[in-house]
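The structure appears right after this line, and notes come after that.
The values are calculated or read from the model by the stated rules, or taken from the named source; none is laboratory data. Nothing here was measured: the structure is a model prediction, and the numbers come from that model. As a convention, Cβ positions derive from the backbone with ideal geometry for all residues, glycine included, and neighbour counts pool all protein chains shown.
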């Protein structure tokens, strides 16, 4: 299949899927409205039967939440198809001779370089402009570096050529990386950020506070149950809640700074979990790609799995930006401290791999562009 036929097929497929997903999204939205109205009607009709009313409302709530989750999945799928459509259309424009939308790489221009400036390696309609189909900022940097500082060792050149030749036949992988990369870029406020472990501030949670953060919820539940059974004064439950809330407030500013810095620093990895997964699931035969792929495995666990865990923990901290969520979670379980403890443990165990993972992703991305 020619390049034009390939990208035309991708474009048509994406358009059809976007239309289908849009219809499905509208249907789910109407179903949510119907369920909400049904819950109100059932609540009124069954108001004299508390048990039946509670069951009906609980069923409606569960159904509504399931519809919300389904709708979120449909939206994510549609965003992916929209990214695929933009990618396919951009490739078709290039095939038609329209190079206006291509990256120029002005930031790499160096008038003092021995040849890159004179030969228009960077700039409008340059060699870099035609080659740079990278999915990550790091991949773009690697590609530019390779053009300005080529390999001089014959064995390295051969290994790199073998990797590029293998990737040139893996069209599906390269397309998937492009789509995942475009989705990640759109979700990042600062797409030039890098996941450098050096830039991440030390957390160093006190052991006593870590232990208390895990014991907080059982303590609160025990206090609530004992209060309910009248074994202790009901005020104990309130004082436990207020004590946890006060302790959380003492560290709120520090945790807020940590959260912001962590999110900013590792977002270049956490937003690109799919990119790592595409690479990990591929079957490579060239020595260089096998070596790079192996760097994404830590003690038998894939980097994408570990990065997804870190992303989940950081997302859990987002509850602190909701006033109700902050009061509820921190007042009952010291939520902020517990999540930060989990992140602290993750960083101590895997933080040293962050630079290597990002560098590996960037290297394969640059090879994919050459392919």
Condition check for residue 341: within 24 Å of residue 142 (Cβ to Cβ) and touching a helix residue (DSSP H, G or I) at 6+ places or on another chain (Cβ under 9 Å): no
Residue within segment 233-247 that is out of contact with any helix residue (DSSP H, G or I) (no Cβ under 7 Å at 6 or more places or on another chain), in contact (Cβ under 8 Å) with a residue 60 or more places away in the chain and closer than 19 Å to residue 317 by Cα present: yes
Counted residues, segment 262-292 - those being part of a helix (DSSP H, G or I), in contact (Cβ under 8 Å) with a residue 40 or more places away in the chain, more than 17 Å from residue 350 (Cα to Cα) and touching a helix residue (DSSP H, G or I) at 6+ places or on another chain (Cβ under 8 Å): 8
Search result, residues across segment 248-261 that are free of Cβ contacts under 8 Å to residues at least 24 places away in the same chain and crowded, with 20+ Cβ neighbours inside 10 Å: none
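Is it the case that segment 5-18 has a residue that's outside any helix (DSSP H, G or I), in the same structural domain as residue 88 (by TED's automatic domain parsing), touching a helix residue (DSSP H, G or I) at 6+ places or on another chain (Cβ under 7 Å) and surrounded by 13 or more Cβ atoms within 10 Å (Cβ to Cβ)?
No, segment 5-18 has no match at all.
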Which listed residue is under 25 Å from residue 18 (Cα atoms) and touching a residue at least 40 places away in the same chain (Cβ under 8 Å), from 162, 178: 178
Residue tally, condition under 17 Å from residue 258 (Cβ atoms) and free of Cβ contacts under 8 Å to residues at least 40 places away in the same chain, over segment 313-325: 6
Within segment 213-224, tally of residues that are farther than 13 Å from residue 342 by Cα and surrounded by 16 or more Cβ atoms within 10 Å (Cβ to Cβ): 6
Qualifying residue in segment 62-83 (condition: at pLDDT 85 or above, part of a loop (DSSP other than H, G, I, E, B) and either over 28 Å from the mean Cα position of the chain (by Cα) or buried (at least 17 other Cβ atoms within 10 Å of the Cβ) (or both)): no
